[in-house]
Every structure is written in C-alpha cells, then in structure tokens.
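Down below is the structure, laid out as structure tokens.
Computed from the coordinates by the stated procedures, all read-outs in this text should not be read as laboratory data. Keep in mind that what you see is a predicted model, and the values were worked out from it rather than measured. All Cβ positions, glycine included, derive from the backbone under ideal geometry; neighbour counts span all protein chains shown.
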C-alpha cells in the first residue's frame, strides 16, 4: 500500500474544476516535484492531501486513513508536514517557541526535550543563533528555513512544500533549495510544487506534470528532461517558457 493514495479526486471552486477525477500514489521514498502551468491544481492537491481543502468526489488515503473522515485529520497532518508559499510564524513568539509549541501541545513532549530537538533542527537549517529572534527580525529565506525546521519537529513521514521559494529573491531562494537538497540526500520524503527546474532536475526522483486538473506526465526526472521533453511538444514549450 502506498503511503498516500489519491483516488479519482475531483475538486471544484464554484464553476471552476481544479482537479478532475485525479488519481496518483506516493510511496514513502524520494522527492516528487509537481510542475505545470498556474491554476492546474498543484497546490490544491497538496492542500487536499493535508485536509486543508475538502474534496468533492473520490478519496485520499494517508497510510490508509481517509481525509474525508474528520477524526483522521489530526494524524494525517502530523504525518504530512506542510510548508506554504507565505511563511506564517507566530509574531508574538520567538523562533524557539514557534518550534516547540506543537510538539509540546500535540505530542506531549516535555519542554526540555522539545527545546533540545528545536536546537538540533535550527542547527541543521543553519539558524541556531536565531532561536531568540522574532519573525520581523528574520529575512524571508530565514523564515522559510525555520518553517521547514518547524515541520520537521513533528517527525512527519512526508513534507508537502508549496512553492516555498516563490516570494524569495535569488539569494534567499538558493538558501532554501540548498536546505531541501540536503534533506533529500538524507532520505526525507518530499512532495514539492515548484518552478525551480534546476532543483527538479538535480534533486527530484519523480516529476508529475499537471495541466487542467489532470496528470499529463508521470516519470523519473531523467526521463522527463530527456525523452518526455523531446517527444511532448506541450511540455517542451512549458519548459522553454519558464527558462529551462
């Protein structure tokens, strides 16, 4: 059984159908990159997996638990940590408190254990010196790296990353992508919506190309950037448009 099973999912916003009878499975290995034009359902898919959006038809199972059952949402969200386009750190708390609050409240971890773990992950993302800082004292790249550390604090089985570099300048984008590359090298399972094709080329083990709410291509990264690109005019034009 795959870790995440998306079964014939349809999701609409009013008259706009974003996902159309969409099916795909994800196991607990590797980095999957979701790419395609804006508005094709990539971010919606991640939000549906995490239970942040309700689905109209079909089902999504995370380790056998359906997102359509309210009782399953807490364990699903613990297993699928999500990092958004716009980082949301609690402004009234310093960095250390932002990282430790959820493990203490949701997992019953002691304050001392949570703080030790938080410092471990802050060191991993290169921001141990920022543990007492507030969000307004951090750059955009630092905030995103802290958001990733916060997600890792919950020991997720998968990270869902929704355009985490879209609001960052090139230098900050580089900081975050280097962190994701290091996590990928350690075997962290990730589902990433991104337009960073160099990251996709070098880090992804699998690439999904989505268009008009459907899955147009599902291949390895190597195959996507060679055979698929050569044989699929639509995908080749998309890659040329975004500068790949």
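At a glance:
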read-out: Mean Cβ neighbour count within 10 Å, used as a protection proxy, ranking 134-145, 97-108 highest first; value: 134-145, 97-108
read-out: Rounded to 10°, Cα long-axis angle of helix 111-124 versus longest principal axis of the chain; value: 50 degrees
read-out: Label-point separation, residue 106 to residue 88 (7 Å along Cα→Cβ), nm; value: 1.2 nm
read-out: Efficiency of FRET between residue 116 and residue 29 - r from beta-carbon atoms, R0 22 angstrom, step 0.05; value: 0.20
read-out: Average Cα contact separation per residue, the chain, under 8 Å, 6 or more apart, as relative contact order %; value: 26 percent
read-out: Taking segment 25-92 and dividing mean pair separation by its residue count, relative contact order in percent (alpha carbons under 8 Å, at least six apart); value: 20 percent
read-out: Cα gyration tensor shape of segment 1-60, rounded if a/c is under 1.5, else prolate or oblate by comparing a/b with b/c; value: oblate
read-out: Protection-proxy order for peptides 51-61, 194-204, each taking the mean of Cβ atoms within 10 Å per residue, highest first; value: 194-204, 51-61
read-out: Extended-chain gain in nm, criterion 0.36 nm per residue less alpha-carbon gap, residue 220 and residue 52; value: 57.7 nm
read-out: Separation between Cα centres of segment 70-88 and segment 120-191, rounded to whole Å; value: 16 Å
read-out: Helix-derived mean residue ellipticity, 222 nm - over the chain, DSSP H n ≥ 4, -39500 (n - 2.57), to 500; value: -11000 deg cm²/dmol
read-out: Cα centroid of segment 195-244 to Cα centroid of segment 8-65, whole Å; value: 18 Å
read-out: Mean separation of Cα contacts under 8 Å (6+ apart) over length of segment 84-153, as relative contact order %; value: 46 percent
read-out: Rounded tilt (10° steps) of 140-152 against the dominant C-alpha axis of the chain; value: 90 degrees
read-out: Spin-label model distance (nm) - residue 198 vs residue 128, 7 Å beyond Cα toward Cβ; value: 2.9 nm
read-out: Efficiency of FRET from Cβ geometry, residue 230 and residue 181, R₀ 30 Å, rounded to 0.05; value: 0.70
